[in-house]
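Single-structure report; data block below.
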Amino acid sequence: MRYRAAALALAGLVLAGCASGAGTGAGSTAAPGGGSSAVPGSGDSTTSGPSMGGTASLAPPSDSVSGSGGTPAQVAAIAAGCPTNQNFAVQNGPASKPVPADLAVSWVLRCTISHKGQTSVLVAERSQSDLSPLLRALRTPSAQRQKVVCPMMAVYLPYFELVLPDGKVFVPKVPVNNCNQPQNLVVQALESLRFAELTSRPLK
């Protein structure tokens, strides 16, 4: 009888141990809500259940970061600096300079005026396309003026600036041909860029 009682007691202990381990894996403890969380030091780094709930919030991407063409505030200021008077054939004004060979450029600002009915709209755009063709064209020397028959139609370029990595702007001197018109390489390189609108505002 003593042996039978001892055997029954041992079986009860085994069953109780199995019941206590059911529902939780090795190295895990029950988590509120039916999930499980890893026990520190168990080697299992996965967590689940309500502890991972909620909507993830991501910071909105900045328009531009410092070192890559200016902060968002700098970009807004650059766009606001588009000239409202663009009655010129070539933007080789007093502020323009030849483009150095080592000048690092992050993006290009283009300013245009579009006419919608009786309203004129000043549009500021940015291009971060491959700028290598444009920079090469801008570094081309201007041709000497010659006594040749020049076309009566002038070539107009939209106003544009080169924006440096620190957010400063560089007004490039546009090389001209022997008729004092922008060289075709510059015109083609500028037209090949893909631009995205930054701002637009009506002009009085």
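The values are calculated or read from the model by the stated rules, or taken from the named source; none is laboratory data. Model, not experiment: these values are computed from the prediction. Cβ coordinates were reconstructed from backbone atoms using ideal geometry, including for glycine residues, and neighbour counts include every protein chain displayed. Accessible surface areas use protein heavy atoms only, side chains included; no ligands, DNA or RNA. Shrake-Rupley method; radii C 1.70, N 1.55, O 1.52, S 1.80 Å.
Exactly one residue among P72, P133, P94 is surrounded by fewer than 16 Cβ atoms within 10 Å (Cβ to Cβ) and at pLDDT 90 or above, and that residue is P72.
Within region 121-130, count every residue that is among the polar types (S, T, N, Q) and open to solvent by 80 Å² or more (accessible area, probe 1.4 Å). Of the residues in region 121-130, 1 are among the polar types (S, T, N, Q) and open to solvent by 80 Å² or more (accessible area, probe 1.4 Å). Candidates in region 164-191 are the residues that are in a strand (DSSP E or B) and in contact with a helix residue (DSSP H, G or I) (Cβ under 7 Å, 6 or more places away or on another chain); of these, the one that is least open to solvent (accessible area, probe 1.4 Å) is P172.
Within region 142-154, the residues that satisfy the criterion of being open to solvent by 100 Å² or more (accessible area, probe 1.4 Å) and either aliphatic (A, V, I, L, M) or at pLDDT 80 or above (or both) are Q144, V149, M152, M153.
From the list A137, A124, which residue is outside any strand (DSSP E or B) and in contact with a Leu (Cβ under 6 Å, 6 or more places away or on another chain)?
It is A137.
Are there any pairs with C-beta distances below 9 angstrom linking a residue in region 120-136 that is over 21 Å from D102 (Cβ atoms) to a residue that is open to solvent by 50 Å² or more (accessible area, probe 1.4 Å) and part of a helix (DSSP H, G or I), with the two at least 6 apart or on different chains, and if so which? Filtered contacts from region 120-136: A124/A80. Could you check V108 against (1) at pLDDT below 95; (2) within 30 Å of P202 (Cβ to Cβ) and say which number it fails? In the conditions (1) at pLDDT below 95; (2) within 30 Å of P202 (Cβ to Cβ), V108 misses (1) alone.
Residues in region 75-84 that are touching a Phe, Trp or Tyr at 6+ places or on another chain (Cβ under 9 Å) and open to solvent by 60 Å² or more (accessible area, probe 1.4 Å): none. E161 falls short on exactly one of the conditions (1) open to solvent by 30 Å² or more (accessible area, probe 1.4 Å); (2) charged (D, E, K, R); (3) touching a residue at least 60 places away in the same chain (Cβ under 8 Å); (4) not in a loop (DSSP other than H, G, I, E, B), and that condition is (1). Only residues that are over 11 Å from A196 (Cα atoms) and open to solvent by 40 Å² or more (accessible area, probe 1.4 Å) were counted in region 102-111, giving 2. Of all the criteria given as (1) open to solvent by less than 50 Å² (accessible area, probe 1.4 Å); (2) within 23 Å of the chain's Cα centre (by Cα), the one not satisfied by R194 is (1).
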